[in-house]
Amino acid sequence: MTIRDESPAADEKRSPYNFAYLDEQTKRMIRRAILKAVAIPGYQVPFASREMPMPYGWGTGGVQVTAAIIGPDDVLKVIDQGADDTTNAVSIRGFFAKTAGVATTTRTTEATIIQTRHRIPEAPLSEDQIIVFQVPIPEPLRFLEPRETETRTMHGLEEYGLVHVKLYEDIARHGHIATTYAYPVKVEGRYVMDPSPIPKFDNPKMDNSPALQLFGAGREKRIYAIPPYSSVKSLDFEDHPFEVQRFEAPCALCAATGVYLDEVILDDRGGRMFVCSDTDNCEQRREAGHTGTAAGIGGESQ
Amino acid sequence: MSAPLLTAEGLTRLYGTRIGCAAVDLQIWPGEVLAIVGESGSGKTTLLNCLSARLQPSAGRILYAMRDGVTRELFAMSEAERRFLMRTDWGFVHQNPADGLRMSVSAGANVGERLMAVGERHYGRIRQTAEGWLERVEIDIDRIDDDPRSFSGGMRQRLQIARNLVTAPRLVFMDEPTGGLDVSVQARLLDLLRGLVADLGMAAVIVTHDLAVARLLSDRMMVMKSGEVIEEGLTDRVLDDPREPYTQLLVSSILQV
């Protein structure tokens, strides 16, 4: 026998889930972790990560952070590698549309919360927006120092020489700093932080950003944050300064320059094109009449 | 030369009711090499670990004369200060090089790590220093970008020494630095160590069960048995004229070829 709610409210069409899936106590716990993270920029706050109805690696950390901060009036945008229409983005957007009944959008400027996997949108963020990053491995020192006790001590005592050992190895092996994503940054001159696997192209966008930036790692059970208008400096050497990726040609669909491009393989004879990774940005530009060299073959109706 | 670099008073380390080392008093003077000898289980390594602040002693205290001339007690310092001291003014050479090296990063980065840890942020200068040190420890410069896994045991040990000496420490702790190496490689390493210690004028504490190593490298030596220091003196005096029966036994048990 199942127990049914016979109260008058049950007459209305009610979701079987609590608002935004998580129970209120869990959301309070996550909010406390977020507050601590905001108070100590770049510091990894442990939290009691919950089992979510999706596998680890699909954004369980980001989803929990979003669930803790979302309200009924929020407008949610979810992107996966810059795209709004990939499986991960579509399913997380559908998840919150179903469990929280919030409005969703693909427009960066219309969203109040943007959950992202591995990109920061090209359109500048505003003070009214919060960006939530999905983080696989929050510890920037992990690959050089496997012991958690030791990395915590190193953060505590600000011993960050090891990060430069990794950059040194890059230069020794490749002649330049070959780390292209998850490029370590120093937040507010104190904590070294892994910005999640965003391309280093996006690192400068984190510096002095008006939007609140939250990071959630579900499997590793860590939350960290960059408050608005914080300094975020990418680490480098004096004689090998930090540089972002540069692209030779503009986007093949919308002719945008100064944006992050994805390579698209066109055939098995070496044909390829580079298009905007941020699909929303690309669509907006095309609507505004910008046309790239390959606009006809991009799959977009002409 | 007026004050000892490191002074230990009543240093004791207990493992439960078992004794690691008991009531050891010693002084290390700038530029001198002290050997601690004894059989396995005599407390040599426990004593070394206590002296180098890697192990908290159960009783006793250790005083160290810092570079600025102030003498401070090691375990009264903050952990941050102690760790800073350990990676700048001290070196620690492990018996097994894999314990002291980062095996997955290149030789150059291994040597450069301490420089980067104290704030060096110029790739060119770090690399130049690393090259200089590889040369000093007789490792070919074209191996600078190879990782230590591809090195022989002797090369690894020399790399570990270079990695420790790059910040010009005033005191180096060595735990059986020649253990596990074959005899000819041992001889070369000893030659190298003797040269480096003399050139750099640093003090060293060497733990060894090999009396030949102690004879070659050290100025002064201490003999340990069951956690206690039973005899100490100038190396040549102890080895040529041992007083304690145990030391006599130890000296007489060296194989003569």
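The values are calculated or read from the model by the stated rules, or taken from the named source; none is laboratory data. A quick note: this is a predicted structure, and the numbers were derived from the prediction, not measured. Virtual Cβ from ideal backbone geometry, glycine too; neighbours counted across all protein chains shown. Heads up: the accessible areas ignore ligands, DNA and RNA and are worked out on the full protein's heavy atoms, side chains in. Shrake-Rupley method; radii C 1.70, N 1.55, O 1.52, S 1.80 Å.
Here are the numbers for the structure shown:
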{"quantity": "Number of the condition not met by B:LEU115 [criteria: (1) within 14 Å of chain A (Cβ to nearest Cβ); (2) within 27 Å of B:ALA198 (Cβ to Cβ); (3) in contact with a Pro (Cβ under 6 Å, 6 or more places away or on another chain); (4) among the hydrophobic types (A, V, I, L, M, F, W, C)]", "calculated": "(3)"}
{"quantity": "Region A:71-90, residues that are under 16 Å from the mean Cα position of the chain (by Cα) and farther than 21 Å from A:ASP262 by Cα", "calculated": "A:LEU76"}
{"quantity": "Candidates A:ARG269, A:ARG286 - the one that is open to solvent by 20 Å² or more (accessible area, probe 1.4 Å), among the basic types (Lys, Arg), free of Cβ contacts under 8 Å to residues at least 24 places away in the same chain and more than 22 Å from A:TYR181 (Cα to Cα)", "calculated": "A:ARG269"}
{"quantity": "A:ILE198 vs. criteria touching a Lys or Arg at 6+ places or on another chain (Cβ under 9 Å), over 30 Å from A:ARG173 (Cα atoms) and among the β-branched types (Val, Ile, Thr)", "calculated": "no"}
{"quantity": "Helices (runs of 4 or more DSSP H) contained entirely in region B:10-127, each with at least 1 residues that are within 29 Å of A:LEU162 (Cβ to Cβ) and open to solvent by 40 Å² or more (accessible area, probe 1.4 Å)", "calculated": "B:44-51, B:79-88, B:97-100"}
{"quantity": "Region A:52-66, residues that are surrounded by 24 or more Cβ atoms within 10 Å (Cβ to Cβ) and outside any loop (DSSP other than H, G, I, E, B)", "calculated": "A:GLY61, A:GLY62, A:VAL63, A:GLN64, A:VAL65, A:THR66"}
{"quantity": "Matching entry among B:PHE173, B:PHE151, B:PHE84 (being within 19 Å of B:ILE28 (Cβ to Cβ) and at pLDDT 90 or above)", "calculated": "B:PHE173"}
{"quantity": "Output for region B:83-105, where each listed residue is within 10 Å of chain A (Cβ to nearest Cβ) and more than 15 Å from the chain's Cα centre (by Cα)", "calculated": "B:ARG83, B:PHE84, B:ARG102, B:SER104, B:VAL105"}
{"quantity": "Residue list for region A:126-150, filter: polar (S, T, N, Q) and either facing another protein chain (nearest Cβ under 8 Å) or touching a Ser or Thr at 6+ places or on another chain (Cβ under 9 Å) (or both)", "calculated": "A:SER126, A:GLN129, A:GLN134"}
{"quantity": "Residues located in region B:135-174, provided they are closer than 30 Å to B:LEU5 by Cβ and touching a Ser or Thr at 6+ places or on another chain (Cβ under 6 Å)", "calculated": "B:THR167, B:PHE173"}
{"quantity": "B:ARG149 vs. criteria more than 10 Å from every other protein chain (Cβ to nearest Cβ), open to solvent by 50 Å² or more (accessible area, probe 1.4 Å), under 19 Å from B:VAL185 (Cα atoms) and touching a residue at least 40 places away in the same chain (Cβ under 8 Å)", "calculated": "yes"}
{"quantity": "Unmet criterion (only one of (1) surrounded by fewer than 19 Cβ atoms within 10 Å (Cβ to Cβ); (2) more than 14 Å from chain B (Cβ to nearest Cβ); (3) not acidic (Asp, Glu)) for A:ILE113", "calculated": "(1)"}
{"quantity": "Condition met for A:LYS77 (surrounded by fewer than 15 Cβ atoms within 10 Å (Cβ to Cβ) and outside any loop (DSSP other than H, G, I, E, B))", "calculated": "no"}
{"quantity": "Residue in region A:156-163 that is aromatic (Phe, Trp, Tyr), closer than 29 Å to A:ALA48 by Cα, open to solvent by less than 30 Å² (accessible area, probe 1.4 Å) and modelled with pLDDT of 95 or more present", "calculated": "no"}
{"quantity": "Selection status of A:ALA100, in contact (Cβ under 8 Å) with a residue 24 or more places away in the chain and over 17 Å from the mean Cα position of the chain (by Cα)", "calculated": "yes"}
{"quantity": "Selection count, region B:126-142, where residues are within 12 Å of chain A (Cβ to nearest Cβ) and basic (Lys, Arg)", "calculated": "1"}
{"quantity": "Long-range neighbours under 9 Å by Cβ, at least six apart or interchain, first residue facing chain B (nearest Cβ under 10 Å) and open to solvent by less than 50 Å² (accessible area, probe 1.4 Å) within region A:231-242, second assigned to a loop (DSSP other than H, G, I, E, B) and hydroxyl-bearing (Ser, Thr, Tyr)", "calculated": "A:LEU235/A:TYR160; A:LEU235/A:TYR183"}
{"quantity": "Residue match in region A:211-220 (condition: modelled with pLDDT of 95 or more and closer than 25 Å to B:ARG121 by Cβ)", "calculated": "no"}
{"quantity": "Failed condition for A:THR153, given (1) within 11 Å of another protein chain (Cβ to nearest Cβ); (2) surrounded by fewer than 19 Cβ atoms within 10 Å (Cβ to Cβ); (3) in contact (Cβ under 8 Å) with a residue 60 or more places away in the chain", "calculated": "(3)"}
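For (1) small (Gly, Ala, Ser); (2) assigned to a helix (DSSP H, G or I); (3) surrounded by fewer than 16 Cβ atoms within 10 Å (Cβ to Cβ); (4) touching a Cys at 6+ places or on another chain (Cβ under 6 Å), each residue gets a yes or a no:
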position	(1), (2), (3), (4)
A:LYS205	no, yes, no, no
A:PRO210	no, no, yes, no
A:GLU220	no, no, no, no
A:TYR229	no, no, yes, no
A:THR257	no, no, yes, no
A:HIS290	no, no, no, yes
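Yes/no per residue for (1) within 16 Å of A:ILE120 (Cβ to Cβ); (2) within 11 Å of chain B (Cβ to nearest Cβ):
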residue: A:TYR160; (1), (2): no, yes
residue: A:LEU167; (1), (2): no, yes
residue: A:ALA172; (1), (2): no, yes
residue: A:TYR181; (1), (2): yes, no
residue: A:TYR191; (1), (2): no, no
residue: A:SER209; (1), (2): yes, no
